[in-house]
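The values are calculated or read from the model by the stated rules, or taken from the named source; none is laboratory data. Note that the structure is a prediction, hence the values are computed from the model and not measured. FYI the Cβ positions are ideal-geometry reconstructions off the backbone, even for glycines, and counts take in every protein chain you see. Only protein heavy atoms, including side chains, enter the accessible area calculation; ligands, DNA and RNA are left aside. Shrake-Rupley method; radii C 1.70, N 1.55, O 1.52, S 1.80 Å.
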Amino acid sequence: MKPSRKQLALIRALYTRHGRKKSGRCICEGIRCCSEIYQSRPELVEFSVATAAAAARITIPGELFLVSETDFAALAATVNAQGVLAVVRPPAPPLPTDRPADPFILALDQVGDPGNFGTIVRTAKAAGLTEIWYTAGAVDPYNDKVIRSALAAQFLLKLRQFSDLPALCAQAAQFGFPTVYLTDPHRGENCFQQSALYCRSVVVIGSEGNGVTPLPGGIPVTIPMPGKFESLNAAQAATIFIFEYVRRQFQ
């Protein structure tokens, strides 16, 4: 059975932010991303579209529509399409009263690059974190590029959005995370030497172009760079901070 015109129109709309917001759905595309969502959160999948070759490679739960390679290529966002996509409902966000379970809060301040945002989400999941907080002005976490970069890890984490960094930090303080560390490429305490960095704190990763929003009371913290280069990109910096947390768990 083939998808209806309405379903095809929905798929095309989901590649836009407006379409995702209007429908409350998103697109998960590719063998690895779809495999993850099929195995970990199959209840979120509304229907899938695949070629016969792709459908033979993975187990696809629920409603499946088969299309030709040519028709799939016309639907897909990627140049070298892998032959499978799923229309998925993003998980419900945490309730405002849900307390964070992690020992620190990883916060992304207006991180706009889909590859960086997705890589950070994937890294946070790999490190055992359970949620990420982010501010308005960031890329949509359910953008298809972000999902591919994250390998669908955003469906396994709690994501909380805030209007700006002060609002985010005010909420964190109410939950008992009063200390805020602002990552900076040039100044601040050495992240490998700050003993309280992950103790009931907020660690903020800034945007690619502008860095972290200035915040009164925030403590600058930096990654030492003996090579004296301008900066690391947001995903690289976040990975170092996240896995410094992991390293300390094994001391």
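Observations on the model:
- Every residue from segment 214-228 that is β-branched (Val, Ile, Thr) and either open to solvent by 50 Å² or more (accessible area, probe 1.4 Å) or touching a strand residue (DSSP E or B) at 6+ places or on another chain (Cβ under 6 Å) (or both): Ile219, Val221
- Residue list for segment 34-56, filter: part of a helix (DSSP H, G or I), touching a residue at least 24 places away in the same chain (Cβ under 8 Å) and either in contact with a strand residue (DSSP E or B) (Cβ under 9 Å, 6 or more places away or on another chain) or open to solvent by 50 Å² or more (accessible area, probe 1.4 Å) (or both): Cys34, Glu36, Ile37, Tyr38, Leu44, Ala53, Ala54, Ala55
- Only one of the numbered conditions (1) in contact with a Cys (Cβ under 8 Å, 6 or more places away or on another chain); (2) within 16 Å of Asp109 (Cβ to Cβ); (3) surrounded by fewer than 18 Cβ atoms within 10 Å (Cβ to Cβ) is not met by Ser231, and that is (1).
- Filtered residues of segment 1-16 (kept if open to solvent by less than 50 Å² (accessible area, probe 1.4 Å) and in contact with a Phe, Trp or Tyr (Cβ under 8 Å, 6 or more places away or on another chain)): Pro3, Gln7
- One residue from Thr59, Thr97 being touching a helix residue (DSSP H, G or I) at 6+ places or on another chain (Cβ under 8 Å), without any contact (Cβ under 8 Å) to a residue 24 or more places away in the chain, open to solvent by 70 Å² or more (accessible area, probe 1.4 Å) and assigned to a loop (DSSP other than H, G, I, E, B): Thr59
- Yes/no for Phe175 being more than 24 Å from the chain's Cα centre (by Cα) and hydrophobic (A, V, I, L, M, F, W, C): no
The rows are residues; the columns are (1) open to solvent by 30 Å² or more (accessible area, probe 1.4 Å); (2) free of Cβ contacts under 8 Å to residues at least 12 places away in the same chain; (3) touching a strand residue (DSSP E or B) at 6+ places or on another chain (Cβ under 7 Å); (4) farther than 19 Å from Phe241 by Cα.
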position: Asp113; (1), (2), (3), (4): yes, no, no, no
position: Lys125; (1), (2), (3), (4): yes, no, no, no
position: Val139; (1), (2), (3), (4): no, no, no, yes
position: Tyr142; (1), (2), (3), (4): yes, no, yes, yes
position: Ala170; (1), (2), (3), (4): yes, yes, no, yes
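- Test: Thr78 is part of a loop (DSSP other than H, G, I, E, B), open to solvent by less than 60 Å² (accessible area, probe 1.4 Å) and not acidic (Asp, Glu): yes
- Filtering segment 175-191 to residues that are surrounded by 14 or more Cβ atoms within 10 Å (Cβ to Cβ) and either in contact with an Asp or Glu (Cβ under 8 Å, 6 or more places away or on another chain) or assigned to a strand (DSSP E or B) (or both) leaves Thr179, Val180, Tyr181, Leu182, Thr183, Pro185, Glu189, Cys191.
- Options Gly19, Gly30, Gly24: the member that is open to solvent by less than 60 Å² (accessible area, probe 1.4 Å), touching a residue at least 40 places away in the same chain (Cβ under 8 Å), farther than 14 Å from Ile147 by Cβ and within 20 Å of the chain's Cα centre (by Cα): Gly24
- Subset tally (residues that are without any contact (Cβ under 8 Å) to a residue 40 or more places away in the chain, part of a strand (DSSP E or B) and more than 22 Å from the chain's Cα centre (by Cα)) for segment 197-251: 2
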